[in-house]
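Peer 1: Quick one: this structure, given as structure tokens, is what I'll be asking you about.
The values are calculated or read from the model by the stated rules, or taken from the named source; none is laboratory data. Owing to the predicted nature of the structure, the values given are computational and were not obtained by experimental measurement. Here Cβ is always computed from backbone atoms with ideal geometry, including for glycine, and neighbour counts include all displayed protein chains. Just the protein is used for accessible areas: all its heavy atoms, side chains included, with ligands, DNA and RNA removed. Shrake-Rupley method; radii C 1.70, N 1.55, O 1.52, S 1.80 Å.
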Amino acid sequence: MARTYDAIVIGAGVIGAAVALSLARKGLAVLALDRLPAAGYGSTAGSCAIVRPYYSTLDGAALGWESHFYWRDWGEFLGVDDERGLARYVSCGCLRLKSPANGFLESTVKLMDEIGCPYEHWSAEQVLERLPVVVLDSFGETKPIDDPTFGQPEGAPLPGGVFFPHGGYVTDPQLATHNLQRAAEAAGVDFRFNTTVTAVRRSGDRVAGVSVAGGEDLDAPVVVNVAGPHSYKINRLAGVEAGMNVKTRALRHEVCHVPAPEGIDFEKRGLVFSDGEIGVYIRPELGNHILIGSEDPPCDERQWVDPDDFNRDFTEQWRAQVMRLAQRMPGLGIPPRGRGVVELYDVSDDWIPIYDKSDLGGFYMAVGSSGNQFKTAPIVGEMMAELITACEAGHDHDADPLGFHLRYIDRTVALGFYSRRREINPQSSFSVLG
Ligand SMILES: Cc1cc2nc3c(=O)[nH]c(=O)nc-3n(C[C@H](O)[C@H](O)[C@H](O)COP(=O)(O)OP(=O)(O)OC[C@H]3O[C@@H](n4cnc5c(N)ncnc54)[C@H](O)[C@@H]3O)c2cc1C
């Protein structure tokens, strides 16, 4: 006889796999579906997988700081082996430069004080000692590369930065998702790949299950949308968008892989480094390479796309990001051919995720991860499992939002922060910084 399920999770990316795992750990029979052939093959595969505590909101920062411990204790969290090995967390620390544009990071360190996250003020000399390949000229606001003043220093040099010792990156986001799949399977989750959800079925005012390509109907009283950049399409299939004050859409991004400049073994001595003036963030990559992502500076046009039809080739954007880093690292070569990743973020209207129920009974969503929720995936899985089991037991989360306790940093996040019905949060950076 076919197995019956308590919950269907749409999407087996890093967040979907984590949600499936946590629901199963609460005793639910779970089916995870993905249109792709393996877990973590969607936008998760292109993730830079940086773990950092600095966000512009208190709750965002608290989750970022908490996530460090999940990755530090990854094997313990999973509780199972994976025949492919476990994803590795490189806790190299993160350095963000102080500049006039970011208020010399005064609001950031206030948030760190509030959540008890350690940091160090680094002078210009300390920055240069750790990263002898950078210059601390100030370049003002991030500019397009055809701006006549591009690359020209202006004003006083930058005074240094703030170093966050507990942060870094996960070397292989797809492997991390496979690890979650193995843990979820050990907890009883079934995964079905190459299976595309084509309809969300209703019975009265509740969800009844999904239909998949080929015509099969799969039943469950709970369905969770974790479809990444396709999240808005699934919400439309479920007919729940009208009940959302904050919505999601897909944003195209390019990430560059380039060799490190002469004079530094960035793979061994490097760290996560970000700098609002040049509008990029970087992290070490295998083979003494540097991976360069964009911080969404206002001068760059945002490329909202259809997740089923977008350009996977590198464009001038790739060169712009490398040239922006070359301002800060003058020895950086500009390779003639682009290497790296073209992928999509699932961006919410205020760049803060939506972890919530919907107006359709039994239909939930963990969406709008806005380019910055790889790190939090294992926490989000637990948060969603608590939210779903409480709501299914009759709790009215809209009227009385639940809290979620962050066990490592001993702090409670009010989940109304992630509500689909919230007002746009003006404290957001409205960028990948969250
Ligand atoms: C370039 C890039 C860099 C990033 N860098 C960082 C970073 O440094 N740090 C950080 O914390 N975060 C980062 N992120 C964000 C992070 O990677 C994402 O927040 C996270 O991977 C989202 O996971 P997910 O499971 O929600 O989505 P996805 O991995 O996109 O998974 C969604 C899944 O749903 C499936 N799906 C969609 N529609 C259907 C359907 N109809 N039927 C069945 N399956 C369906 C897809 O196939 C996909 O596998 C980055 C993201 C990108 C793209």
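Peer 1: Looking at Asp400, Asp309, Asp313, can you tell me which residue is under 28 Å from Asn235 (Cβ atoms) and within 16 Å of the ligand (Cβ to nearest atom)? Give the steps one after another, and end with the answer.
Peer 2: Values: Asp400 fails: within 16 Å of the ligand (Cβ to nearest atom); Asp313 fails: under 28 Å from Asn235 (Cβ atoms).
Of Asp400, Asp309, Asp313, the one residue that is under 28 Å from Asn235 (Cβ atoms) and within 16 Å of the ligand (Cβ to nearest atom) is Asp309.
Peer 1: Still on this structure, I have one more. With Thr44, Thr57, Thr142, Thr108 as the choices, which residue is under 30 Å from Gly214 (Cα atoms) and in contact (Cβ under 8 Å) with a residue 12 or more places away in the chain?
Peer 2: Result of the check over Thr44, Thr57, Thr142, Thr108: Thr44.
Peer 1: In the range 293-341, which residues are of a type outside the set (A, V, I, L, M) and farther than 21 Å from Leu251 by Cβ?
Peer 2: Gln327, Arg328, Pro330, Gly331, Gly333, Pro335, Pro336, Arg337, Arg339
Peer 1: Of the residues Tyr41, Tyr55, only one is open to solvent by 10 Å² or more (accessible area, probe 1.4 Å) and more than 8 Å from the ligand (Cβ to nearest atom); which? It would help to see each step written out before you state the result.
Peer 2: Details: Tyr41 fails: more than 8 Å from the ligand (Cβ to nearest atom).
Tyr55 is the lone residue from the list that is open to solvent by 10 Å² or more (accessible area, probe 1.4 Å) and more than 8 Å from the ligand (Cβ to nearest atom).
Peer 1: Working only within the range 195-248, note down all residues that are closer than 22 Å to Cys391 by Cα, out of contact with any helix residue (DSSP H, G or I) (no Cβ under 9 Å at 6 or more places or on another chain) and of a type in the set (Asp, Glu).
Peer 2: Answer for the range 195-248, where residues must be closer than 22 Å to Cys391 by Cα, out of contact with any helix residue (DSSP H, G or I) (no Cβ under 9 Å at 6 or more places or on another chain) and of a type in the set (Asp, Glu): Asp205, Asp219.
Peer 1: Same structure again: Applying the selection to the range 121-149, what residues are of a type in the set (Val, Ile, Thr) and part of a loop (DSSP other than H, G, I, E, B)?
Peer 2: Val133, Val134, Val135, Thr142, Ile145, Thr149
Peer 1: Okay, next question. Counting only residues that are within 15 Å of the ligand (Cβ to nearest atom), open to solvent by less than 10 Å² (accessible area, probe 1.4 Å) and farther than 30 Å from Glu76 by Cβ, give me the strands (runs of 3 or more DSSP E) lying completely in the range 150-248 with at least 1 of them.
Peer 2: Values: elements: 160-164, 168-170, 190-192, 197-203, 206-212, 217-219, 222-225.
In the range 150-248, 206-212, 222-225 are the strands (runs of 3 or more DSSP E) which contain 1 or more residues that are within 15 Å of the ligand (Cβ to nearest atom), open to solvent by less than 10 Å² (accessible area, probe 1.4 Å) and farther than 30 Å from Glu76 by Cβ.
Peer 1: Check whether at least one residue in the range 351-374 is open to solvent by 10 Å² or more (accessible area, probe 1.4 Å) and in contact with a His (Cβ under 6 Å, 6 or more places away or on another chain), and report yes or no.
Peer 2: yes
Peer 1: Please go through the range 293-315 and give me each residue that is in contact (Cβ under 8 Å) with a residue 40 or more places away in the chain and not in a loop (DSSP other than H, G, I, E, B), ordered by number.
Peer 2: Hits for the range 293-315 are Gly293, Ser294, Trp304, Val305, Asp306.
Peer 1: Could you grab me the full set of residues in the range 11-23 that are open to solvent by 10 Å² or more (accessible area, probe 1.4 Å) and hydrophobic (A, V, I, L, M, F, W, C)?
Peer 2: Residue satisfying the conditions is Ile15 alone.
Peer 1: Sticking with this one: Counting just the residues of the range 261-289 that are in contact with a helix residue (DSSP H, G or I) (Cβ under 8 Å, 6 or more places away or on another chain) and open to solvent by 20 Å² or more (accessible area, probe 1.4 Å), which one comes out nearest to the ligand (Cβ to nearest atom)? It would help to see each step written out before you state the result.
Peer 2: Let us first name the residues in the range 261-289 that are in contact with a helix residue (DSSP H, G or I) (Cβ under 8 Å, 6 or more places away or on another chain), namely 269, 271, 275-280, 282, 284-289.
Pick out the ones that are also open to solvent by 20 Å² or more (accessible area, probe 1.4 Å) and you get 269, 276, 285-289.
Values: Arg269: 20, Gly276: 16, Glu285: 12, Leu286: 16, Gly287: 19, Asn288: 19, His289: 15 Å.
Ranking the candidates gives Glu285 first.
Peer 1: Being surrounded by fewer than 19 Cβ atoms within 10 Å (Cβ to Cβ) and of a type outside the set (A, V, I, L, M) is the filter here; which residues of the range 94-110 pass it?
Peer 2: Residues satisfying the conditions are Pro100, Gly103, Phe104, Glu106, Ser107, Lys110.
Peer 1: Name the residues in the range 249-260 that are of a type in the set (A, V, I, L, M, F, W, C), within 15 Å of the ligand (Cβ to nearest atom) and open to solvent by less than 10 Å² (accessible area, probe 1.4 Å), would you?
Peer 2: Ala250, Leu251, Cys256, listed by residue number.
Peer 1: Within the range 259-269, does at least one residue satisfy the condition of being at pLDDT 95 or above and closer than 13 Å to Leu95 by Cα?
Peer 2: So far as the range 259-269 goes, no, none of its residues is at pLDDT 95 or above and closer than 13 Å to Leu95 by Cα.
Peer 1: Moving on to the next point. Could you run through the range 232-260 and say how many residues are of a type in the set (Asp, Glu) and free of Cβ contacts under 8 Å to residues at least 24 places away in the same chain?
Peer 2: Residues flagged as of a type in the set (Asp, Glu) and free of Cβ contacts under 8 Å to residues at least 24 places away in the same chain within the range 232-260 amount to 1.
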